[in-house]
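**Q** The structure is given below, and queries will be raised subsequently.
The values are calculated or read from the model by the stated rules, or taken from the named source; none is laboratory data. Here the structure is a predicted model, which is why all the values come from computation and not from measurement. Here the Cβ positions follow ideal geometry from the backbone for every residue, glycine too, while neighbour counts run over all protein chains shown. Accessible surface is based on the protein model in full, side chains and every heavy atom, while ligands, DNA and RNA are left aside. Shrake-Rupley method; radii C 1.70, N 1.55, O 1.52, S 1.80 Å.
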Amino acid sequence: MGNWLVERRLSQVSTRLKSLRAELAVIDEQMIYLGDDADDQEIRALVAETAGASFEARDARRHVDAHAKHRSKVVEEINSLERRQDELLDRM
């Protein structure tokens, strides 16, 4: 593979890594807020003992779980791109 092609791919991988790391920072910040909100909803559901409060607590927890799943996928993609970056650097 030509050196220019390796450099181009490295640039693409680097750009994508920067984007994913920024996205991960946003996700982590949102996870803090969503986790706190879910905890609050669960406490309210325990105190209120109503079906509506329980539904809101479950819904808030589902949001946290969905965000955690998305975070996991972003972390996987970052790890994959870092491995790809290492491979490309080895080729240079």
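**Q** Can D90 be described as charged (D, E, K, R), part of a helix (DSSP H, G or I) and out of contact with any helix residue (DSSP H, G or I) (no Cβ under 8 Å at 6 or more places or on another chain)?
**A** yes
**Q** Answer yes or no as to whether I32 is aliphatic (A, V, I, L, M), part of a helix (DSSP H, G or I) and surrounded by 15 or more Cβ atoms within 10 Å (Cβ to Cβ).
**A** No, not satisfied.
**Q** Taking the stated definitions as given, is S80 at pLDDT 95 or above and assigned to a helix (DSSP H, G or I)?
**A** For S80, the condition - at pLDDT 95 or above and assigned to a helix (DSSP H, G or I) - is met.
One line per residue, one yes/no per condition, for (1) aliphatic (A, V, I, L, M); (2) out of contact with any His (no Cβ under 8 Å at 6 or more places or on another chain); (3) loosely packed, with under 15 Cβ neighbours inside 10 Å; (4) at pLDDT 90 or above:
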site	(1), (2), (3), (4)
W4	no, yes, yes, no
R8	no, yes, yes, yes
L20	yes, yes, no, yes
G52	no, yes, yes, no
V64	yes, yes, no, yes
H67	no, yes, no, yes
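**Q** Name the pairs: first residue in segment 77-89 and charged (D, E, K, R), second residue at pLDDT 95 or above, Cβ to Cβ under 9 Å, at least 6 apart or on different chains?
**A** Note: pairs meeting the criteria are E77/R16; E77/L20; E82/V13; E82/L17; R84/V13.
**Q** Return the total of residues in segment 33-56 being farther than 21 Å from H67 by Cα and touching a helix residue (DSSP H, G or I) at 6+ places or on another chain (Cβ under 7 Å).
**A** Residues flagged as farther than 21 Å from H67 by Cα and touching a helix residue (DSSP H, G or I) at 6+ places or on another chain (Cβ under 7 Å) within segment 33-56 amount to 3.
**Q** How many of the residues making up segment 35-50 are open to solvent by 80 Å² or more (accessible area, probe 1.4 Å) and farther than 29 Å from I78 by Cα?
**A** Count: 5.
**Q** List the residue pairs whose Cβ atoms are under 8 Å apart, where the first residue sits in segment 53-71 and is without any contact (Cβ under 8 Å) to a residue 60 or more places away in the chain and in a helix (DSSP H, G or I), the second is of a type in the set (S, T, Y) and open to solvent by 100 Å² or more (accessible area, probe 1.4 Å), and the two are 6 or more positions apart or on different chains.
**A** Cβ pairs passing all conditions: none.
Conditions (1) under 26 Å from the mean Cα position of the chain (by Cα); (2) not hydrophobic (A, V, I, L, M, F, W, C), marked per residue:
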| position | (1), (2) |
| --- | --- |
| V6 | no, no |
| V13 | yes, no |
| I27 | yes, no |
| L34 | yes, no |
| D40 | yes, yes |
| R44 | no, yes |
| H63 | yes, yes |
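**Q** Test V75 against the stated conditions and say whether it is of a type in the set (V, I, T), within 19 Å of the chain's Cα centre (by Cα), under 16 Å from L24 (Cα atoms) and surrounded by fewer than 15 Cβ atoms within 10 Å (Cβ to Cβ).
**A** Taking the combined requirement at face value, the residue satisfies it.
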